[in-house]
Amino acid sequence: MINIIFMGTPDFAVPSFEALVKEYNVKAVVTQPDRPKGRGKKLSFSPIKEAALKKNVEIFQPAKLKNDSETIEKLKKIAPDFIVVVAFGQILSKEVLDIPKYGCINLHASLLPKYRGAAPINWAIINGEKISGNTTMLMDEGLDTGDILLKQEVEITHSMTAEELHDILMNKGSVLLVETINKFISGQIHPKKQPKECDFYASMLNKDIAKINWNSSAEKVHNFIRGMNPWPVAYTHYEDRIMKVFSSKIIYEKTNKEPGIICDISNEGIKVACKENCILIDIIQFPGKKPLKVKEFIKGNSLKNGTILI
């Protein structure tokens, strides 16, 4: 039986962990420490910790694994064939990378070498990519730079959000991981070195970059809104209030209106001029309120034509 140590933290890693538990002997899980969550700041388990508890798998939660010699020694004693890493959230030292017999395998949610980094799913959509996918690789000391093992492609539709692509890649990735391990053990995979260059580095998202630039084409604005959903959520200012925008459609209609101007408001949504064409916003949220479809929002609230969103 193949022995595995699994390292992961968020929801994205759960299907992979569960698939590995079915196929192999998962001896231990390494995940991030419990974090305070919500208004009460109550300590919350990571999704992987919750999954590991259900399977009675031993759990380690080092604040920084590379500095935790006690945990590293325990992992060495397990003597795994593989360490499998899926969205763990910490960089592994060479000492940890050298622990498994065959190596450390990472599942990354992009078609490497493009979109190395923390937010590949979001940036693929923001940049208007038509194809994304998963890559498995042998980890090295670089960030997503290890030798490529297998890839799988996924089509990105014109309306797909980052959340929807996340869920597709999350489930497909678990299948790819099992295939990778089986083929690696049987000698059917020949690792392929990556080029040093990366076409686009997928840096971490934050709320500061979520503001919509209306002086862009409708297509770019639409892609930006999709890529920011479900977090941090694209926003703009309606008068003196922040208006979050969850969903939109492109209207291929030329206008001489200034970018950001509300051209029309109806049950279909809010039509806004962009540098090129327009978009139709259909789900919005104001501070202290729930996200609502525009047709529901305007039943009890007023929005003004001609207002400039900034």
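Details
- Under 15 Å from the Cα of Lys257 - aspartates and glutamates, other chains or at least 8 residues apart: Glu276
- Between the helical axis of 218-227 and the longest alpha-carbon principal axis of the chain there is an angle of about 40 degrees.
- Of the GluC sites (Glu not before Pro) found in the range 176-277, those that fall in a DSSP loop while having at most 16 other beta-carbon atoms within 10 Å are Glu197, Glu239, Glu253, Glu268.
- Calculated mean residue ellipticity at 222 nm for the chain: -7500 deg cm²/dmol, from DSSP H runs with n ≥ 4 weighted as -39500 (n - 2.57), summed, divided by the residue count and rounded to 500.
- Straight-distance crosslink candidates among aspartates and glutamates, where the alpha carbon sits under 17 Å from Lys130 and sequence neighbours closer than 8 are dropped: Glu153, Glu155, Glu163, Glu164, Asp167, Asp199, Glu219
- Between helix 162-185 and the chain: long-axis angle, C-alpha atoms, 0 to 90°, nearest 10: 20
- Short-range pairs are left out: with C-alpha atoms under 8 Å and at least six residues apart, the relative contact order of the chain is 13 percent.
- Only beta bridges with both residues in the range 3-202 are counted; by DSSP, about 45 percent of them are antiparallel.
- Farthest toward positive dipole pole in the range 207-300 [+1 Lys/Arg, -1 Asp/Glu at C-beta], among Cys278, Gly300, Ser217: Gly300
- Entries of Lys275/Lys295; Lys54/Lys293; Lys49/Lys207; Lys55/Lys76; Lys76/Lys183 with Cα pairs more than 31 Å apart: Lys54/Lys293
- Alpha-carbon centroid distance for the pair the range 141-219 / the range 11-68, whole angstrom: 22
- The chain: most fluctuating residue of Asn122, Asn215, Asn56 per GNM, C-alpha cutoff 10 Å: Asn56
- If the segment from Ser216 to Asn171 were pulled out straight at 0.36 nm per residue, it would be longer than the present Cα-Cα gap by 12.8 nm.
- Value of relative contact order over the range 18-168, rounded to a whole percent, pairs C-alpha under 8 Å and six or more apart: 15
- Here each label is just a point 7 Å from Cα along the line to Cβ, and for Lys290 and Ile91 those points are 4.4 nm apart.
- Applying 1/(1 + (r/R0)^6) with r as the Cβ-Cβ distance of Lys101 and Leu303 and R0 = 45 angstrom yields a FRET efficiency of 0.15.
- Ellipsoid semi-axes for the range 50-100, based on the Cα gyration tensor and the rule √(5λ), read 18, 13, 12 Å when sorted largest first.
- Length added when fully stretched, Asn256-Lys74, from 0.36 nm per residue minus Cα-Cα: 58.8 nm
- Angle between the chain longest axis and helix 14-23 axis [Cα atoms, degrees, rounded to 10]: 30
- Expressed per residue, the C-alpha convex hull volume of the chain stands at 147 Å³.
- Taking Met137, Met243, Met204 in turn, the Gaussian network model of the chain (Cα-Cα springs below 10 Å) assigns the largest fluctuation to Met204.
- Inverse mean reciprocal Cα-Cα distance (Kirkwood Rh) of the range 207-300, Å: 13.1
Bear in mind these aren't lab numbers, they're just calculated from the coordinates by the rules spelled out. Just so it is clear, the model here is predicted, and its values are computed rather than measured. Cβ coordinates were reconstructed from backbone atoms using ideal geometry, including for glycine residues, and neighbour counts include every protein chain displayed.
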